[in-house]
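Data first, discussion second: the structure below is written as structure tokens.
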């Protein structure tokens, strides 16, 4: 989790506002000397930060190799690298934000990012080598490229064997979107501290829901994907609670839509299709997160594509990579259920046959071990009884399976008959106005625009005459 220092970087640590610029620390020639003088004068007014020069003066006695003593002795490369590493191991170069332009960006097959952060000042280009390890890179919501102006959060580290320093970034924020990224990080930290994302609050998703609620845009592709998946896998009633999914006030509509449908269905899918960070921003808003957290009905979050992550995903009972995947999580697959039933039937029959064969073998063994004339009659009687019991058991199992199959067929037929769109295939149509189904002419007015849905498509019309049956 991001620390408070991370979320609210001190102005002194941002390149455009800090007291010690990137060039002060990492420049060359006269720029370094000017930077050191400036650092010494400014540090006298800021006791919390130390320049590398001050650190060297303070830690001279603590350094493993003191280069000021024994000047005639030939120094080793490792000694020099060790001193440089100690000089740069200071708080002023750790956990800070740096701003600049990405250059020399080269993605590595391992998933690490290697690039430079550059700045042009007074006609000179100043460059810091930078890297981001794949564990952080895969969490980025965008792909950095050369020419991007960004802010990096991380620390300066030294690799002594190569005598090389570089800025190790743990976060990259585009400057154009920096404020919103920082705001989301702040919200995430606050909500995490309040326990909103704890697993203790997660509710199980029902295995066989009768009603599925959907919170998304009424005309969005996400709605169509969800409806198609559910109607194919396990047809149930779908209730839409529409809301805008992007825009300045979308978070309020999303939260209201969740509260509106809570308690009316068995599970709720909240989401939308993919988009940019700005498009998905409303699903990070605390109002949406708290609506998801306080919802009594289990919620599946399905915001964006697989690479997208919002705070709504953390608060939901389960997160799906896409709206289609959310629909698959909400309902079972009836075809898979039939396969599972057939598998259980086969296993049951095999188990009974094996048990019967085993008992029959033991009975035969006893018969052979005893005197044939004495127990022949008893054995024959028990064999007949066992055969009758086996036949009755087999018949009972067959009847039971037949009844279960008939019950399942009735359930399947009932589900198909309950499909609100089934009558459309028989020539009927469904009339809607403003997203609501028209059930009576009393819901219509002259000039009302309506949508007529048939089995193979829809048609728009306008009411010109209303005749009410007496």
Apart from one, (1) surrounded by 10 or more Cβ atoms within 10 Å (Cβ to Cβ); (2) under 29 Å from residue 208 (Cα atoms) all hold for residue 436; the odd one out is (1)
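So, in the stretch 273-286, of the ones that are in a helix (DSSP H, G or I), more than 14 Å from residue 257 (Cβ to Cβ) and under 15 Å from the mean Cα position of the chain (by Cα), which residue ends up modelled with the highest pLDDT? Reasoning before the result, please.
In the first step, residues of the stretch 273-286 are kept if they are in a helix (DSSP H, G or I); the result is 277-284, 286.
Filter once more, so that each one left must be more than 14 Å from residue 257 (Cβ to Cβ): 277-281, 284, 286.
Still in the list and also under 15 Å from the mean Cα position of the chain (by Cα): 277, 280-281, 284.
Details: 277: 71, 280: 88, 281: 86, 284: 93.
Step by step, filter the stretch 273-286, then rank; the result is 284.
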Considering every residue within the stretch 129-146, establish whether at least one is modelled with pLDDT under 85, surrounded by fewer than 17 Cβ atoms within 10 Å (Cβ to Cβ) and over 17 Å from residue 170 (Cα atoms).
yes
Can you tell me which residue within the stretch 181-219, out of those that are within 19 Å of residue 280 (Cβ to Cβ) and in contact with a strand residue (DSSP E or B) (Cβ under 6 Å, 6 or more places away or on another chain), is surrounded by the most Cβ atoms within 10 Å (Cβ to Cβ)?
215
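Is it the case, given these coordinates, that residue 289 is assigned by TED's automatic domain parsing to the domain that holds residue 206, modelled with pLDDT of 95 or more and not in a helix (DSSP H, G or I)?
Working: assigned by TED's automatic domain parsing to the domain that holds residue 206: yes; modelled with pLDDT of 95 or more: yes; not in a helix (DSSP H, G or I): no.
The answer is no for residue 289.
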Of all residues making up the stretch 292-325, the number that are within 19 Å of residue 240 (Cα to Cα) and either assigned by TED's automatic domain parsing to the domain that holds residue 402 or more than 11 Å from the chain's Cα centre (by Cα) (or both):
9
Residue 168 - would you say it is within 20 Å of residue 111 (Cα to Cα) and in contact (Cβ under 8 Å) with a residue 40 or more places away in the chain?
no
Give just the number: which of (1) touching a residue at least 24 places away in the same chain (Cβ under 8 Å); (2) out of contact with any helix residue (DSSP H, G or I) (no Cβ under 7 Å at 6 or more places or on another chain); (3) not in a loop (DSSP other than H, G, I, E, B) does residue 301 not satisfy?
(2)
If only one of 224, 233 is within 25 Å of residue 266 (Cβ to Cβ), free of Cβ contacts under 8 Å to residues at least 12 places away in the same chain, in the same structural domain as residue 302 (by TED's automatic domain parsing) and surrounded by fewer than 20 Cβ atoms within 10 Å (Cβ to Cβ), which one is it?
224
Out of 358, 442, 412, 400, I need the residue that is closer than 30 Å to residue 470 by Cβ, in a helix (DSSP H, G or I) and not assigned by TED's automatic domain parsing to the domain that holds residue 210. Which one?
442
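Just one of 101, 124, 143, 189 is within 19 Å of the chain's Cα centre (by Cα) and more than 30 Å from residue 298 (Cβ to Cβ); which is it? Explain how you work it out, then say what you get.
Values: 101 fails: within 19 Å of the chain's Cα centre (by Cα); 124 fails: within 19 Å of the chain's Cα centre (by Cα); 189 fails: more than 30 Å from residue 298 (Cβ to Cβ).
It is 143.
The values are calculated or read from the model by the stated rules, or taken from the named source; none is laboratory data. Model, not experiment: these values are computed from the prediction. Reconstructed Cβ throughout: ideal geometry from the backbone, glycine too, with neighbour counts over all protein chains shown.
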